[in-house]
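So the structure is just underneath, and the comments pick up after that.
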Amino acid sequence: MIVGEAPGAEEDARGEPFVGQAGRLLDNMLAAIGRSRQVDAREPVFIANVLKCRPPGNRNPQPEEVAACEPFLLRQIELLRPQLVLVMGRFAAQSLLHTDAPISALRGRVHRLRVGGREVPAIVSYHPAYLLRNLADKAKAWADLCLALDVARGDGG
Ligand code: URA
């Protein structure tokens, strides 16, 4: 399962997460590790957002909005019972890990979420929209994806 930030204009119009440019990058990243969001894929990846509706003018989510949407995100995780959650970007980290630490300080290790009486491993990485602007960090995102795959397979922590 992947958790992003909030729907943008295109996502709002289509009612689907990550369908714009950042979504295309995300789909390519998933394809590179043999995964897909297609529901009929062998091990489909479910994509959710922290905020369930688009912040006005695409501004950053406010802390009270993140908090208001948190129960819905936690319930999604509880119902889906994912092998792993890939936490993309600082608002997803803020919601799921309750931290304001930068992504650089959170990535590269396995975090544990306690959701619905179950422990779910979580890996933190950069948000795809950030990667579109910061190409140099794509190599780190690739390392994060490889770690996530190892952990999801049960041999990475
Ligand atoms: N960015 C996100 O975080 N989520 C989307 O659905 C689209 C862009």
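Throughout, read-outs are computed from the coordinates displayed, never taken from laboratory work. What you are looking at is a predicted structure, and each value in this text was computed from that prediction instead of being measured. Here the Cβ positions follow ideal geometry from the backbone for every residue, glycine too, while neighbour counts run over all protein chains shown.
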- Task: Apply the Karplus parameterisation 6.51 cos²θ - 1.76 cosθ + 1.60, with θ equal to phi minus 60°, to every residue of the range 40-50 and state each ³J(HN,Hα) to the nearest whole Hz, in sequence, with x for glycine and proline.
- Result: 8, 5, 4, 10, x, 9, 8, 10, 10, 10, 5
- Mean residue ellipticity (222 nm) of the chain, computed from DSSP H runs ≥ 4 via -39,500 (n - 2.57), nearest 500: -13000 deg cm²/dmol
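Of the listed peptides 105-117, 137-149, what is their order by residue-averaged count of other C-beta atoms within 10 Å, with the highest listed first?
Numbers: 105-117: 13.8, 137-149: 17.2.
In decreasing order of mean packing, 105-117, 137-149 become 137-149, 105-117.
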- Query: Any idea what the relative contact order of the range 87-157 is, in percent, if you count C-alpha pairs under 8 Å spaced at least 6 apart?
  - Reply: 28 percent
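Only counting other Cβ atoms within 10 Å, I'd like ARG81, ARG42 sorted with the fewest neighbours first. Intermediate results must be reported in sequence, preceding the final value.
Working: ARG81 11, ARG42 8.
If I rank by nearby Cβ atoms, fewest first, I get ARG42, ARG81.
Over the chain, what is the relative contact order in percent, taking alpha-carbon pairs closer than 8 angstrom and at least six residues apart?
Details: 227 pairs, mean separation 37.5, N = 157.
So the answer I get is 24 percent.
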- Query: With charges set only on the Cβ (+1 for Lys and Arg, -1 for Asp and Glu), what does the dipole of the chain come to about its Cα centre, in debye to the nearest 20?
  - Reply: 240 debye
- Only Lys, Arg (+1) and Asp, Glu (-1) charged, at Cβ; the range 33-114 dipole about Cα centre in debye: 240 debye
